[in-house]
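First the structure, in the form of structure tokens, and then the observations on it.
The values are calculated or read from the model by the stated rules, or taken from the named source; none is laboratory data. What you see is a predicted model, and the numbers here were worked out from it, not measured in a lab. Ideal geometry is used to build each Cβ from the backbone, glycine not excepted, and the neighbour counts take in all protein chains shown.
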Amino acid sequence: MSNPPSPSPTRWFKALRRTRLGEPCLKTYPVECEDLLRRSRVAFQAGRTLKENIRLAQLEAVVRMLEEHECDFVDALGRDLHKPRFETVMSELIVVKNEALYAITNLKKWMQPQPVERNLSTTLDECLVISEPLGVVFIMGTWCSPIQMCLVPLVGAIAAGNCAIISPSEFTVHTAELLHRLVPYYLDNECFHVILAGMNDLPELVELKFDHVFFTGNREDGIRIAQAAARSVTPVTLIIGGKNPCYVDQDCDIATAVQRIAWARFHNAGQSLVAPDYILCHADVKARLVQALKCCLMQFYGSDPRESRSFGRMVNLEIFNRMKDILWRCGKVSVGGQVIEAEKYIAPTILTEVSESDPIMQHEVFGPVLPVLTVNSVDEAITFINKQEKPLCVYAYSSNTKVISRLMSETSSGSFCSNDCILQSLMVALPFGGVGASGMGSFHGRCSFDTFSHRKSCLLRGTRFECVTYLRYPPYEDRNLSLMTWASTLSQKSQGWCQIL
């Protein structure tokens with residue numbers, strides 16, 4: 001396929017660039033988004049996204065876009081986040097591609113009406129649940145996974161038969177511009193659109209009344225999005241994040257645990273919703289753990305991580321300064337700690353002697369900094385975790401299955417993973433989302449299809465057998481009530497009778 005044309009930036013993109021240069025920015029986003037929403041509604045009402053073959057063609061186009069422009073995506077994320085090619089391909093492109101291929105394989109089955117259990121009074125009827133598309137959905141991505149968190153939800157929206165408007169993060173400008181250029185070239189450009197709006201503009205756009213809003217980001221912005229959606233009674237999915245704890249048991253393979261934790265924490269320079277935010281370990285393994293982390297970082301990034309082609313940078317100076325300020329106000333730097341503002345560089349850093357009241361324990365860590373705290377037992381670790389807001393992920397490292405079982409069953413989180421990190425969030429067959437303060441709703445695979453669908457209950461019956469249904473009509477009699485109660489109750493006997501019939 002030939003390369004897509006490079007359209008001149010729209011007014012909103014020019015406005016965004018003026019804002020970054022300190023020039024005044026015109027408020028054009030709502031007007032343009034309203035026009036795209038209108039076009040999408042017309043396309044949806046015309047049925048352009050409903051048929052199975054159309055959905056499959058759009059999903060296949062997503063796969064083609066990723067394959068044919070892998071180098072462009074690698075370059076864009078390299079410019080936005082200094083992200084290594086390995087990380088871009090593995091954690092962004094392959095994740096989206098797997099989602100699309102999984103949806104292509106299973107779409108026919110997902111679209112089938114699902115029969116449900118009947119009682120005696122509906123034995124001769126059809127009782128079905130039909131998944132129907134919601135309409136036009138609004139997907140807001142995040143800067144820490146700008147391709148994955150825009151396109152994985154889009155795959156679900158396409159599979160479910162919706163139109164969609166995507167808003168990539170304003171922080172990853174090159175990736176956003178690439179999506180803006182490629183999406184209308186590969187997908188139906190009446191049904192799928194990309195806009196670029198600042199975070200302050202998104203609540204106003206949400207109020208334009210979409211049929212579903214999918215947001216990934218921090219808690220404060222998520223609350224604003226949810227409040228804006230509530231004003232138009234728009235359902236929302238919020239993937240918010242939180243302080244993800246990582247418990248390291250004394251009965252544990254420290255060398256393996258450290259490699260997996262360090263990879264997860266310092267991947268993408270620590271800018272991840274699902275990375276472990278802090279370690280809880282036994283006091284008697286702390287020294288070994290910190291030393292192993294130091295050796296591991298040397299193995300990963302060399303003596304000077306700044307020179308490593310495998311280590312990224314902070315996305316902008318705002319995030320850099322926030323992380324730097326938190327770093328300098330907390331604990332003792334045992335490894336790393338170097339910062340270079342001109343490069344938005346923060347070295348991989350291990351903090352010890354951290355207290356629960358330190359700033360780094362009060363905020364999400366979107367940077368390459370890993371605090372290590374000590375506990376005296378698994379009970380104390382569980383108590384510590386449960387005192388905090390419910391996180392997006394809980395991680396536990398132990399060779400003792402009883403310890404793993406306790407952490408899994410006695411803590412609450414969006415997801416749980418033992419003896420590794422992050423992988424549970426990449427599994428297409430596992431639903432992924434938050435709980436409590438870490439969000440609401442979930443996605444991935446079939447769950448994405450369900451998130452962007454309305455499960456409509458359908459009872460199909462004829463007009464025969466009025467000789468039975470007349471029992472419900474007035475004048476009411478106790479005998480009729482007894483018969484109707486018997487026929488309507490899902491007892492074991494009636495369930496078995498239904499199955500026989």
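When THR383 is evaluated against the numbered criteria (1) surrounded by fewer than 23 Cβ atoms within 10 Å (Cβ to Cβ); (2) at pLDDT below 95; (3) outside any loop (DSSP other than H, G, I, E, B), which criterion, by number, is the only one it fails?
(2)
Do you know which residues across region 339-375 are β-branched (Val, Ile, Thr), surrounded by 14 or more Cβ atoms within 10 Å (Cβ to Cβ) and more than 29 Å from the chain's Cα centre (by Cα)? Break it down into steps so the answer makes sense when it comes.
So in region 339-375, the residues β-branched (Val, Ile, Thr) come out as 339-340, 346, 349-350, 352, 354, 360, 365, 369, 372, 374-375.
Applying the additional criterion that residues be surrounded by 14 or more Cβ atoms within 10 Å (Cβ to Cβ) yields 339, 346, 349-350, 352, 354, 360, 365, 369, 372, 374-375.
Result: VAL339, THR352, VAL354, THR374, VAL375.
Any chance region 373-382 includes a residue that's out of contact with any strand residue (DSSP E or B) (no Cβ under 6 Å at 6 or more places or on another chain) and under 27 Å from THR142 (Cβ atoms)?
Checking region 373-382: not a single residue is out of contact with any strand residue (DSSP E or B) (no Cβ under 6 Å at 6 or more places or on another chain) and under 27 Å from THR142 (Cβ atoms).
For region 447-460, check the following and say yes or no: at least one residue is of a type in the set (Lys, Arg), touching a strand residue (DSSP E or B) at 6+ places or on another chain (Cβ under 7 Å) and under 30 Å from ARG118 (Cα atoms). Step through it out loud before you land on a result.
As a first pass, look at region 447-460 and keep what is of a type in the set (Lys, Arg): 455-456.
Next, only the ones that are touching a strand residue (DSSP E or B) at 6+ places or on another chain (Cβ under 7 Å) stay: 455-456.
This time we only want the ones that are under 30 Å from ARG118 (Cα atoms), so: 455-456.
There is at least one residue in region 447-460 that is of a type in the set (Lys, Arg), touching a strand residue (DSSP E or B) at 6+ places or on another chain (Cβ under 7 Å) and under 30 Å from ARG118 (Cα atoms).
Can you go through LEU459, LEU426, LEU471 and tell me which one is surrounded by fewer than 19 Cβ atoms within 10 Å (Cβ to Cβ), more than 28 Å from the chain's Cα centre (by Cα) and touching a residue at least 24 places away in the same chain (Cβ under 8 Å)?
Values: LEU426 fails: more than 28 Å from the chain's Cα centre (by Cα); LEU471 fails: touching a residue at least 24 places away in the same chain (Cβ under 8 Å).
After ruling out the rest, the residue left standing is LEU459.
For THR256, which of the numbered conditions (1) more than 23 Å from PHE384 (Cβ to Cβ); (2) hydroxyl-bearing (Ser, Thr, Tyr); (3) part of a loop (DSSP other than H, G, I, E, B) fails to hold?
(3)
Before we move on, is GLU117 modelled with pLDDT under 95 and outside any helix (DSSP H, G or I)?
So GLU117 passes the test.
Listed here are the residues, each with its yes/no results for (1) at pLDDT below 90; (2) polar (S, T, N, Q); (3) closer than 30 Å to MET90 by Cβ.
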residue	(1), (2), (3)
SER399	no, yes, yes
SER413	no, yes, yes
SER425	no, yes, yes
ALA429	no, no, yes
ALA437	no, no, yes
SER482	yes, yes, no
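Is there any pair linking a residue in region 208-236 that is surrounded by fewer than 19 Cβ atoms within 10 Å (Cβ to Cβ) to one that is among the β-branched types (Val, Ile, Thr) and assigned to a helix (DSSP H, G or I), with Cβ under 8 Å and at least six apart or on different chains, and which?
Partner pairs satisfying both residue conditions: SER232/VAL206.
In region 237-253, is there at least one residue being hydrophobic (A, V, I, L, M, F, W, C), part of a loop (DSSP other than H, G, I, E, B) and farther than 30 Å from LEU36 by Cβ? Spell out how you get there, then give the answer.
Taking region 237-253 and keeping what is hydrophobic (A, V, I, L, M, F, W, C), we get 238-240, 246, 248, 252.
Still in the running and part of a loop (DSSP other than H, G, I, E, B): 240, 252.
From the residues that got through so far, the ones that are farther than 30 Å from LEU36 by Cβ too are 252.
Yes, region 237-253 has at least one match.
Would you be able to tell me the number of residues in region 239-261 that are surrounded by 24 or more Cβ atoms within 10 Å (Cβ to Cβ) and under 17 Å from LEU297 (Cα atoms)?
3
Please count how many residues of region 264-282 are closer than 15 Å to THR142 by Cα and in contact with a Phe, Trp or Tyr (Cβ under 6 Å, 6 or more places away or on another chain).
The number of residues fulfilling the criteria is 1.
Residues checked against (1) modelled with pLDDT of 95 or more; (2) in the same structural domain as VAL375 (by TED's automatic domain parsing); (3) hydroxyl-bearing (Ser, Thr, Tyr):
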site	(1), (2), (3)
LEU179	yes, no, no
VAL183	yes, no, no
LEU196	no, no, no
GLU204	no, no, no
PHE215	yes, no, no
ARG219	no, no, no
SER232	no, no, yes
THR256	yes, yes, yes
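Give region 170-193 a look and list any residue that's crowded, with 22+ Cβ neighbours inside 10 Å and free of Cβ contacts under 8 Å to residues at least 40 places away in the same chain, or say none.
The answer is ALA176, LEU179.
Scan region 75-99 residue by residue and report those that are among the charged types (D, E, K, R) and not in a helix (DSSP H, G or I).
Initial filter on region 75-99 (among the charged types (D, E, K, R)): 75, 79-80, 83, 85, 87, 92, 97, 99.
Hit for region 75-99 is LYS83, nothing else.
Considering every residue within region 112-120, establish whether at least one is surrounded by 19 or more Cβ atoms within 10 Å (Cβ to Cβ) and either in the same structural domain as ASP75 (by TED's automatic domain parsing) or closer than 23 Å to ILE225 by Cβ (or both). Walk me through it before giving the result.
First pass over region 112-120, keeping only residues surrounded by 19 or more Cβ atoms within 10 Å (Cβ to Cβ): 118, 120.
Filter once more, keeping what is either in the same structural domain as ASP75 (by TED's automatic domain parsing) or closer than 23 Å to ILE225 by Cβ (or both): 118, 120.
Within region 112-120, one or more residues are surrounded by 19 or more Cβ atoms within 10 Å (Cβ to Cβ) and either in the same structural domain as ASP75 (by TED's automatic domain parsing) or closer than 23 Å to ILE225 by Cβ (or both).
Among the residues of region 124-133, are any in contact with a strand residue (DSSP E or B) (Cβ under 9 Å, 6 or more places away or on another chain), of a type outside the set (Phe, Trp, Tyr) and crowded, with 21+ Cβ neighbours inside 10 Å?
Here is the first cut: in region 124-133, the ones in contact with a strand residue (DSSP E or B) (Cβ under 9 Å, 6 or more places away or on another chain) are 125-133.
Pick out the ones that are also of a type outside the set (Phe, Trp, Tyr) and you get 125-133.
From what's left, crowded, with 21+ Cβ neighbours inside 10 Å: 133.
Within region 124-133, one or more residues are in contact with a strand residue (DSSP E or B) (Cβ under 9 Å, 6 or more places away or on another chain), of a type outside the set (Phe, Trp, Tyr) and crowded, with 21+ Cβ neighbours inside 10 Å.
I need a count of the residues in region 259-301 that are assigned to a helix (DSSP H, G or I), touching a residue at least 40 places away in the same chain (Cβ under 8 Å) and under 16 Å from VAL354 (Cβ atoms).
8
Note down all Cβ pairs under 7 Å where the first residue falls in region 336-357 and is closer than 13 Å to LEU280 by Cα, the second is surrounded by fewer than 12 Cβ atoms within 10 Å (Cβ to Cβ) and of a type in the set (Lys, Arg), and they're at least six residues apart or on different chains.
LEU351/LYS332; THR352/LYS332; GLU353/LYS332
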